[in-house]
Amino acid sequence: MATVSELNAHSLPPSPEASAASGHGRSHAKLILFGEHSVVHGHPAIAVPVRSIAAEADAVRSDGPLDVASDDPQITARDGWQDVPLMAAEATLRRLGLPASGVHVSVRSRVPAGRGFGSSAAVAGAIVNAVADLHGAELDRQARFELVQEAERVAHGNPSGLDARTTVAERGIAFQGGVVREFDVVLGGTLVVADTGVHGSTRRAVADVRALLEREPERTGALLDRLGAIARDAERALRVGDARATGGMMDESQRILRELGVSSTEIETLVTAAKGAGALGAKLSGGGQGGCIVALIGDGDDATAVTEALRAAGATGIWSVPPAPHPSGTTR
Ligand code: MEV
């Protein structure tokens, strides 16, 4: 198992001989299984990398200023995080001791934005890797996390670091207060992710929960405490593939997230459809107020019935994450 000290190994500096004519970088999506929102308030959370949904970037030298281009309006025109790509490139050059100029980066992403997949972290991660690759620099995981997190602050104000940690992780992660432990997630089933088609703003959802905590500290504090306790118990279930227990905890998390005001009509419709078709558990994933839901279908249960129910209930995209310790594959 990777430990925190292993993750803190130093980065290798750029070597002029190793620097290439162009650099390439890739970084994947993430899915939060437990602890969104409560993680912002210091509680534990569990997330998994989804390696088959990724962002990619290419970096080349130029005579002009540092610039990042994309044909993808999700990246260039999305309210709230247009500055993340440039910030990721700039922070990486600064880390390498190089001026923030003379590099052109092009980026494309298959990670849908505003859906709880950590799109801004994936885009930032791909850019960090491409700029480092261009200069022949090897950044370790801790360095990549720090650079993605620096760029993420532009997108989310004060992100917990969960998205940035998961986008540089190879396995499931248990995350609390900036400390991360990787472990092999055993689902005991299949995860189906369904898109409400509604763009959710993590920044706004996090601000709404904070405002609720200020208005009703006792009730909201108790809800956040419970989400944290569930995440702690869920890690045990996910280590041994106890899908029934995991599903039950997903349902309870969803009830709490609804009380926190981060669910929506569309989320509730998809959660009800998944449960009605036999899912062991279903909840929103990520910031909420739109975005995706994730449902767990037990081994031997009918995943097709759940996907059909989700489609009939209006899901605009459906992905399936197969039952493996390394949940990297998806199908649409
Ligand atoms: C967003 O993907 C997850 C939140 O918990 C925010 C954060 O962790 O920074 C809602």
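The values are calculated or read from the model by the stated rules, or taken from the named source; none is laboratory data. Predicted model only: the values in this text are computed from it and were never measured. Backbone-built Cβ (ideal geometry, glycine too); neighbour counts: all protein chains shown. Note: areas computed on protein heavy atoms with side chains; ligands, DNA, RNA excluded. Shrake-Rupley method; radii C 1.70, N 1.55, O 1.52, S 1.80 Å.
Among the residues of segment 289-300, which ones are at positive phi and either open to solvent by 10 Å² or more (accessible area, probe 1.4 Å) or not assigned by TED's automatic domain parsing to the domain that holds residue 258 (or both)?
At the first step, the residues of segment 289-300 found to be at positive phi are 289-291, 300.
Scanning segment 289-300 gives 289, 300.
The single condition among (1) modelled with pLDDT under 95; (2) open to solvent by less than 10 Å² (accessible area, probe 1.4 Å); (3) within 16 Å of the ligand (Cβ to nearest atom) that residue 38 does not satisfy is (1).
Residues checked against (1) crowded, with 22+ Cβ neighbours inside 10 Å; (2) in contact with a His (Cβ under 9 Å, 6 or more places away or on another chain); (3) under 25 Å from residue 198 (Cβ atoms):
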{"residue": "226", "(1), (2), (3)": "no, no, no"}
{"residue": "229", "(1), (2), (3)": "no, yes, no"}
{"residue": "271", "(1), (2), (3)": "yes, no, yes"}
{"residue": "302", "(1), (2), (3)": "no, no, no"}
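Residue pairs whose Cβ atoms lie under 8 Å apart, sitting 6 or more positions apart in sequence or on different chains, and linking a residue in segment 200-219 that is more than 13 Å from the ligand (Cβ to nearest atom) to a partner that is open to solvent by less than 70 Å² (accessible area, probe 1.4 Å) and assigned to a helix (DSSP H, G or I), are 212/220; 213/41; 213/220; 213/221; 213/224.
Quick check on segment 121-168: of everything there that is in contact with an Asp or Glu (Cβ under 6 Å, 6 or more places away or on another chain) and within 16 Å of the ligand (Cβ to nearest atom), which residue is nearest to residue 38 (Cα to Cα)? The selected residue is 159. Selection of segment 132-163 for residues being surrounded by fewer than 19 Cβ atoms within 10 Å (Cβ to Cβ) and among the basic types (Lys, Arg) yields only 153.
Would it be correct to say that residue 58 is farther than 17 Å from residue 203 by Cα, without any contact (Cβ under 8 Å) to a residue 60 or more places away in the chain and either of a type in the set (Phe, Trp, Tyr) or not assigned by TED's automatic domain parsing to the domain that holds residue 283 (or both)? Give the derivation first.
Numbers: farther than 17 Å from residue 203 by Cα: yes; without any contact (Cβ under 8 Å) to a residue 60 or more places away in the chain: no; either of a type in the set (Phe, Trp, Tyr) or not assigned by TED's automatic domain parsing to the domain that holds residue 283 (or both): yes.
When the stated conditions are applied, residue 58 does not pass them.
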